[in-house]
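Please treat every number below as a calculation from the coordinates, not as lab data. All figures in this text were calculated on a predicted structure; none of them were measured in a lab. Neighbour counts run over all protein chains shown; Cβ positions are idealised from the backbone, glycine included.
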Amino acid sequence: MKSHHYMLLAVAAALAIALGFWTGSVNKNEQEVHTAPSILSVPEHLPAFTLTDHRNQVFDNQRLKGQWNLAFFGYTYCPDICPTTLYMLKLAMESYRAQGGDPTQWQVVFVSVDPGRDTPEQLGNYVKYFNPDFLGATGSADEIRKLADSLNVIYARVENPASPENYLVDHSASIIAIDPTGKPVKVFNPPHQPDEFARGMMALSSVKP
């Protein structure tokens with residue numbers, strides 16, 4: 001099962017690379033319409049939550065403070081959205097640096113919506129495939145749901161009667177920006193394009209929280 005999983009990841013990553021080149025050729029005006037960050041309607045503060053990162057360290061509200069954060073909810077068995085989005089974030093970080101930004105100001109957090117299969121070890125291997133600085137986080141189903149609901153992130157398990165262990169999880173490709181005080185402030189809606197996304201990051205980081 002594990003070898004099959006990483007084979008799937010390799011194929012998905014190749015797809016992500018292809019899509020990355022494709023999005024780079026999309027009309028610039030269309031990019032600006034779809035990738036510009038919009039105001040996120042969420043509470044002033046996130047509820048208290050406790051997850052575990054891929055290093056088996058506690059990941060809670062305090063871990064969001066002191067730097068800008070990009071939170072993306074998905075799962076390691078995802079066949080398309082997750083590898084494509086994480087690869088886009090890898091390219092966006094490179095573009096952010098090229099535009100004069102400091103990527104160490106940002107923390108990318110990949111929160112699993114599949115705690116039954118996504119162990120910390122598996123998350124670690126997955127996120128490091130895209131960027132060794134990306135962080136994976138998992139936890140109890142209740143804690144994940146609480147955090148996702150507070151950020152208006154929707155996801156749902158899709159059963160596979162023919163192969164129950166190979167279920168899918170439907171989820172969005174939105175990426176939520178959280179400021180250095182731990183307050184969610186913006187959402188980047190898909191489709192994402194790396195250079196435009198990086199410009200959105202530059203705009204956010206230029207504003208003092």
Separation between the Thr181 and Tyr167 pseudo-spin-labels, each 7 Å from Cα along Cα→Cβ, expressed in nm?
3.9
Enumerate the amide H contacts of Gly136 below 5 Å, restricted to partners 5 or more residues apart or on another chain; note that Pro and chain-start residues carry no placed amide H.
His54, Phe110
Applied in sequence order to region 100-114, the curve 6.51 cos²θ - 1.76 cosθ + 1.60 (Karplus, θ = phi - 60°) yields integer Hz couplings, x standing for Gly and Pro, of x, x, 10, x, 5, 6, 10, 10, 8, 10, 9, 9, 6, 9, 9
Ala141: net charge of surrounding residues, Cβ under 14 Å, Lys/Arg +1, Asp/Glu -1, itself excluded?
-1
Please arrange His171, His54 by counting, for each residue, the other beta carbons lying within 10 Å of its beta carbon, fewest first.
His171, His54
Residue span Asp149 to Glu121: 0.36 nm per residue of separation minus Cα-Cα distance leaves a gain in nm of 7.5 nm
Using the Cβ atoms and a cut-off under 11 Å, what net charge is assigned to the surroundings of Leu64, where Lys and Arg are +1 and Asp and Glu are -1?
+1
May I ask you to sort Thr84, Thr119, Thr50 by Cβ crowding, counting other Cβ atoms within 10 Å and putting the fewest first?
Thr50, Thr119, Thr84
Using alpha-carbon positions, what is the distance between the centroids of region 127-146 and region 183-209, in Å?
20
Using amide H atoms built 1.01 Å from N in the peptide plane, name the residues 5+ places from Phe59, or on other chains, whose amide H lies under 5 Å from its own.
Leu51, Thr52, Asp53
What spacing in nm lies between the two simple spin-label points modelled at Lys65 and Val207, each 7 Å away from Cα in the Cβ direction?
2.2
What ³J(HN,Hα) values, in whole Hz, does the Karplus curve 6.51 cos²θ - 1.76 cosθ + 1.60 give for region 132-144 when θ = phi - 60°, with x put for Gly and Pro?
x, 8, 5, 10, x, 9, 9, x, 6, 4, 5, 5, 5
HN-Hα couplings for region 192-209 via Karplus (6.51, -1.76, 1.60; θ = phi - 60°), in whole Hz with x for Gly/Pro, come out as 9, 10, x, 5, 5, 4, 4, 5, x, 4, 4, 4, 5, 5, 7, 9, 6, x
Exceeding 23 Å between C-alpha atoms, which entries from my cross-link table qualify? They are Lys128/Lys186; Lys183/Lys208; Lys65/Lys208; Lys90/Lys208; Lys146/Lys208; Lys65/Lys146.
Lys128/Lys186; Lys90/Lys208; Lys146/Lys208
Qualifying GluC sites (Glu not before Pro) in region 107-209, DSSP loop, other Cβ atoms within 10 Å at most 10:
Glu159
